[in-house]
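Below is one structure, written out as structure tokens; comments come after it.
The values are calculated or read from the model by the stated rules, or taken from the named source; none is laboratory data. The model shown is predicted, which means the values in this text are computed figures rather than measured ones. These area figures cover heavy atoms from the full protein model, side chains too; ligands, DNA and RNA do not enter into them. Shrake-Rupley method; radii C 1.70, N 1.55, O 1.52, S 1.80 Å.
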Amino acid sequence: MPAFASQEWVEALDAAAAGGDLGEDAAGAEGFVLQQVVTGDRPAAWTVAVVAGRVRYRPGRADDPDVTLT
């Protein structure tokens, strides 16, 4: 199992989500980007994008997220 918040962990999330389809109406026509930022001894960041019914996870920060959770 990959270490929490590592690049491998985010890639595993993305792979798990790849088979899902929320439907075209999920998150509206424009979709949204959520950014998660972990602070402390092991800082990390990743994004969750929901666009056209698909969910994608990416390591790192987003350029212009709709929501940031810290």
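Structure data summary
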quantity	calculated
Considering residues of region 32-56 that are open to solvent by 20 Å² or more (accessible area, probe 1.4 Å) and part of a loop (DSSP other than H, G, I, E, B) only, the residue nearest to THR70 (Cα to Cα)	THR39
All positions within region 1-22 that are modelled with pLDDT of 90 or more and either open to solvent by 80 Å² or more (accessible area, probe 1.4 Å) or among the charged types (D, E, K, R) (or both)	PHE4, GLN7, GLU8, GLU11, ASP14, ALA16
